[in-house]
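J.: Below you will find the structure I want to go over with you.
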Amino acid sequence: MTPRVAALLAGMTVEEKVGQVNQRLLGWRAVERAPRGGFRVTDEARAEIDRWGGLGALYGLFRADAWSGRSWANGIRPEERAEAAQVVQDAVASAGGHGVGALLVEEAPHGHQALGGTLLPVNLAVAAGWRPERLAEAARAVAAELAASGVHVALVSGLDVLRDPRWGRSEETFGEDPLLAAELTRALVEGMQGPARSRVGDGGVAVVLKHLAAQGEAVGGRNGQSAHLGPHDLAELHLPPVEAGLAAGALGFMAAYNDIDGVPCCASPDLLTGYLRRERGFDGIVMADGLAVDRLEGMTGSLPGAARAALLAGVDLSLWDTAYAGLAELARDDAEVAAALDVAAGRVLALKERLGLLGESGVPVAVDTERSVVRLARAREDAAAASRRLAADSLVLLSNRGALPWRADLRRVAVVGPYAPDVPALLGDYVPPLPAGSAARGADALRAALPGAELTVGEALAGPGDDAGAPGRVAPATLRDADAVVVVVGGTSHRSYDDAFADNGAIAGRAGEATGGEGVDLADVSLPAGQDDLVRAVRDATDAPLVAVVVSGRPHVLTHVLEAADAVLWAGYPGPWGGEAVADALTGRAEPTGHLPTTLPRHPGVVPVRYNDRQSAQDVYRDAPDAVLLPFGHGLRYRDVAVTGLEADPGEHGVRVTATVTNRSDGPADALVRVLAHRTGGTRVPRLRELVAFGHVDVAPGATAEIAWDLPRSRVFADPSSARCATELHVGGLTRTVRPEASRAP
């Protein structure tokens, strides 16, 4: 704690300290339009600010979506953000005698969830690109948008590892592998905050990574429920992204809803204090997930008990909770609570000091409204360009029997499927409403890419009782006459303004059209709404090459799709420029180069099944012996690129692994090389495979190129000190066995 923070804390009343650890107010209800123009603080916000003599943090001032009810008709527009932020800061600073501003906290899981906020592909799609450097570039631009708007803290998904595709929030993960998730999390933090341990500058914001920990392990894929795992799996599968975030200098973590072995994450001193602070040396803030502290009432028997449990465990800042509002009374009667309150409030104030929010007494924190619009416009341009690149990287060619890329002389193309004319289906969960015409539907992007072709688009096939020209229906005769047919299937996380929502913003009850997203867990991960039947019907109706485009935020069962279609392209909610990316891939303007960040199951009853399980699911189920449809890392491409050499040289301190890549095509290629290991000789049952390294290499036409990694021995061997250890390294169909004793040879 710096002298400035210590002096400020010493001069605060108990109520003011409690105000610093509370984040109760929904930000979109904090300001309203004044009768003569501009904004003013609402009565609700004024009461909350006056209650504490200030405000710790304000969540979602700019949030716009179906839950908040904010849209282009009534929300804060991009050019108005800085003004609204200044109104809040003026009110907060003037409420007490300390001149301390409020942390403005915004959701940014894949772009800013605000009107005009640039959207990125969802995390699962980004992971399919395997390009951490591209994500860092995009995160930097999104952070610049936030900073230009007066925002200080971004809530960013990155820590959840996908362990069960039934979970509706699968799309928020970087897939099922901890190393891939860790590298992308590191890139995300460094992009948004800047280099580790540096002061967050004008172009960046503080990151609160969510969710800590093991939320992806929830039993049955049921959101927020118990994670059944032991310490080894926690450390090996779920903590690597946390470690990467810590190494990158993340300034905050969000405690997850779930419990681990019966202890809720937001009431776990072992996790939040023992591991995070004592073991790992973290000195930032821990925030609770929305209403997570209040939910502890079922465990503790009372809201004061819930507040005490969370505070003593290490939660510094609540989110929408009632329980933390009662901490002042607890602190007066409980010395342990009073001491913990000082620690938590001190951490919040330390973050504010880092972000320039500790103003002089009575002097409001200034938001540069004049520069904001210019900086915001520039940042949005950069973010849009980065989002386009991520969308192109994310497409995975699952199969191709010569149907792609399309030839240039196509004259008649038919597109059918429930998401063929849909833009929201490309976007994923946690998104604001887009301005009209700001994103191209997949069908419109195809029209632009095929100006000389006749394009027919519909959501379904016309049946025997339908008119030939029925709206939204494609006649079977149109399919018979087409030169190429596309069927668009998958799912959507689109939230309708007519949907019902839980108290934390998740979709409640029966979702409207959403088949994924928070609150939309599924018992069956087959394609929803009879889409397999649609694919079969389209196949039966045409002899033309059939391409299936799967728009999805979770690993669906695609067994029937791969059987029926001549080519299958997977697009994991690729964002507002996803339609253009798909059109470019189909027409050959760009090559799909993505690889699956998950395992695709062959049957819904075999899930969960992961490539890094300890035992294989192959030949286990008598009614579904072949459990895996496509493995983790699968991805085809148009050009012929292959790994033709693999070497592993163990040394005293590490193992040098090299791979040779050959480009047998007539065009340049960017090749992804992955090093998988099967490690034996340790004290635990080995995993089937583990990703130990990956990277991209550029290869000229007809040439070879080499890529190399210097890996720590602990990553390659289960027990580097044991002569019993052996590791099989797998790269592109090649295998090498390496042993640690080679390093001790004279």
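J.: Being of a type outside the set (A, V, I, L, M) and closer than 23 Å to Ala148 by Cα narrows it down to one residue among Arg46, Arg36, Arg40, Arg51; which is it? Break it down into steps so the answer makes sense when it comes.
T.: Numbers: Arg46 fails: closer than 23 Å to Ala148 by Cα; Arg36 fails: closer than 23 Å to Ala148 by Cα; Arg51 fails: closer than 23 Å to Ala148 by Cα.
Residue meeting the stated conditions: Arg40.
J.: May I ask you to verify whether Gly220 is touching a residue at least 24 places away in the same chain (Cβ under 8 Å), farther than 19 Å from Pro178 by Cβ, part of a loop (DSSP other than H, G, I, E, B) and of a type outside the set (Asp, Glu)?
T.: On the way: touching a residue at least 24 places away in the same chain (Cβ under 8 Å): yes; farther than 19 Å from Pro178 by Cβ: yes; part of a loop (DSSP other than H, G, I, E, B): no; of a type outside the set (Asp, Glu): yes.
Considered against the rule, which asks whether it is touching a residue at least 24 places away in the same chain (Cβ under 8 Å), farther than 19 Å from Pro178 by Cβ, part of a loop (DSSP other than H, G, I, E, B) and of a type outside the set (Asp, Glu), Gly220 comes out as no.
J.: Moving on to the next point. Return yes when Ala139 is under 30 Å from Ala391 (Cα atoms), surrounded by 23 or more Cβ atoms within 10 Å (Cβ to Cβ) and touching a residue at least 24 places away in the same chain (Cβ under 8 Å) and no when it is not. Write out each step before concluding.
T.: Values: under 30 Å from Ala391 (Cα atoms): yes; surrounded by 23 or more Cβ atoms within 10 Å (Cβ to Cβ): yes; touching a residue at least 24 places away in the same chain (Cβ under 8 Å): yes.
The answer is yes for Ala139.
J.: List the pairs whose first member sits in the range 417-442 and is open to solvent by 40 Å² or more (accessible area, probe 1.4 Å), whose second member is modelled with pLDDT of 85 or more and small (Gly, Ala, Ser), and whose Cβ atoms are under 6 Å apart, counting only residues at least 6 apart or on separate chains?
T.: From the range 417-442, the pairs are Arg441/Gly579.
J.: In the set Pro195, Pro165, which member is in a loop (DSSP other than H, G, I, E, B) and in contact (Cβ under 8 Å) with a residue 60 or more places away in the chain? Give the steps one after another, and end with the answer.
T.: Working: Pro195 fails: in contact (Cβ under 8 Å) with a residue 60 or more places away in the chain.
The unique qualifying residue is Pro165.
J.: Grab the strands (runs of 3 or more DSSP E) fully contained in the range 10-78, keeping just those with 2 or more residues being open to solvent by 20 Å² or more (accessible area, probe 1.4 Å). Write out each step before concluding.
T.: Numbers: elements: 31-33, 39-41, 57-59.
Here the list reads 31-33, 39-41.
J.: Are any of the residues in the range 625-645 open to solvent by 40 Å² or more (accessible area, probe 1.4 Å), at pLDDT 95 or above and in a strand (DSSP E or B)?
T.: yes
J.: Here is a check on your reading of the model: is Asp498 in a loop (DSSP other than H, G, I, E, B) and modelled with pLDDT under 80? Break it down into steps so the answer makes sense when it comes.
T.: Values: in a loop (DSSP other than H, G, I, E, B): yes; modelled with pLDDT under 80: no.
Criteria not met by Asp498.
J.: If Gly356 meets every condition in (1) at pLDDT 95 or above; (2) open to solvent by 10 Å² or more (accessible area, probe 1.4 Å); (3) under 35 Å from the mean Cα position of the chain (by Cα) apart from one, which number is that one?
T.: (1)
J.: Yes or no: Asp524 in contact with a Leu (Cβ under 7 Å, 6 or more places away or on another chain), part of a loop (DSSP other than H, G, I, E, B) and among the charged types (D, E, K, R)?
T.: Numbers: in contact with a Leu (Cβ under 7 Å, 6 or more places away or on another chain): no; part of a loop (DSSP other than H, G, I, E, B): yes; among the charged types (D, E, K, R): yes.
Considered against the rule, which asks whether it is in contact with a Leu (Cβ under 7 Å, 6 or more places away or on another chain), part of a loop (DSSP other than H, G, I, E, B) and among the charged types (D, E, K, R), Asp524 comes out as no.
J.: Going through Gly505, Gly594, Gly519 one at a time, which residue ends up being within 20 Å of the chain's Cα centre (by Cα), under 23 Å from His634 (Cα atoms) and either assigned to a loop (DSSP other than H, G, I, E, B) or not hydrophobic (A, V, I, L, M, F, W, C) (or both)? Quick ask: steps written out before the conclusion?
T.: Values: Gly505 fails: under 23 Å from His634 (Cα atoms); Gly519 fails: under 23 Å from His634 (Cα atoms).
Exactly one of Gly505, Gly594, Gly519 is within 20 Å of the chain's Cα centre (by Cα), under 23 Å from His634 (Cα atoms) and either assigned to a loop (DSSP other than H, G, I, E, B) or not hydrophobic (A, V, I, L, M, F, W, C) (or both), namely Gly594.
J.: Now for a separate question. Can you tell me which of Asp261, Asp294 is closer than 24 Å to Leu25 by Cα and open to solvent by 10 Å² or more (accessible area, probe 1.4 Å)?
T.: Values: Asp261 fails: closer than 24 Å to Leu25 by Cα.
Going through Asp261, Asp294 in turn, just one is closer than 24 Å to Leu25 by Cα and open to solvent by 10 Å² or more (accessible area, probe 1.4 Å): Asp294.
J.: Are any of the residues in the range 131-140 over 21 Å from Gly695 (Cβ atoms), out of contact with any Asp or Glu (no Cβ under 7 Å at 6 or more places or on another chain) and of a type in the set (Asp, Glu)?
T.: no
J.: Which of the residues that make up the range 553-569 are open to solvent by 10 Å² or more (accessible area, probe 1.4 Å), assigned to a helix (DSSP H, G or I) and not small (Gly, Ala, Ser)?
T.: Within the range 553-569, Thr559, His560, Leu562, Glu563 meet the criteria.
J.: So which residues in the range 281-312 are under 17 Å from Asn504 (Cα atoms) and acidic (Asp, Glu), if there are any at all?
T.: Selection gives Asp289, Asp294, Glu297.
J.: Taking Glu172, is it touching a residue at least 12 places away in the same chain (Cβ under 8 Å) and under 27 Å from Leu103 (Cα atoms)? Before you say what the answer is, go through the steps one by one.
T.: Numbers: touching a residue at least 12 places away in the same chain (Cβ under 8 Å): yes; under 27 Å from Leu103 (Cα atoms): yes.
Criteria met by Glu172.
The rows are residues; the columns are (1) closer than 17 Å to Leu398 by Cβ; (2) touching a Pro at 6+ places or on another chain (Cβ under 9 Å).
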position	(1), (2)
Ala548	yes, no
Pro576	no, no
Ala585	yes, yes
Leu600	yes, yes
Pro608	no, yes
Asn612	no, yes
Tyr621	no, no
His634	yes, no
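J.: To continue, here is another question. Could you please tell me which pairs satisfy a Cβ distance under 9 Å, a separation of 6+ or placement on different chains, a first residue in the range 19-31 that is closer than 26 Å to Ala331 by Cβ, and a second residue that is among the hydroxyl-bearing types (Ser, Thr, Tyr) and assigned to a helix (DSSP H, G or I)?
T.: If the second residue must be among the hydroxyl-bearing types (Ser, Thr, Tyr) and assigned to a helix (DSSP H, G or I), the pairs left are Val21/Tyr324; Asn22/Tyr324; Gln23/Tyr324; Arg24/Tyr324.
J.: May I pose another question? Output the residues belonging to the range 266-275 that are part of a helix (DSSP H, G or I) and either surrounded by 23 or more Cβ atoms within 10 Å (Cβ to Cβ) or more than 25 Å from the chain's Cα centre (by Cα) (or both). Lay out the reasoning, then the answer.
T.: The initial filter retains those residues of the range 266-275 that are part of a helix (DSSP H, G or I), namely 266-267, 269-275.
The answer is Cys266, Ala267, Pro269, Asp270, Leu271, Leu272, Thr273, Gly274.
J.: List pairs: first in the range 613-636 and within 29 Å of Leu569 (Cβ to Cβ) and without any contact (Cβ under 8 Å) to a residue 12 or more places away in the chain, second β-branched (Val, Ile, Thr) and surrounded by 12 or more Cβ atoms within 10 Å (Cβ to Cβ), Cβ under 6 Å, 6+ apart or cross-chain?
T.: From the range 613-636, the pairs are Ala617/Val606; Ala617/Val609.
J.: Oh, and also: Consider the range 309-342. How many of its residues are more than 25 Å from Leu26 (Cβ to Cβ), open to solvent by 10 Å² or more (accessible area, probe 1.4 Å) and either of a type in the set (Gly, Ala, Ser) or in contact (Cβ under 8 Å) with a residue 24 or more places away in the chain (or both)?
T.: 10
The values are calculated or read from the model by the stated rules, or taken from the named source; none is laboratory data. What you see is a predicted model; the values in this text were computed from it and never measured. Neighbour counts are summed over all protein chains in view; Cβ atoms, including those assigned to glycine, are modelled from backbone coordinates with ideal geometry. Heavy atoms of the whole protein, side chains included, go into the accessibility calculation; ligands, DNA and RNA do not. Shrake-Rupley method; radii C 1.70, N 1.55, O 1.52, S 1.80 Å.
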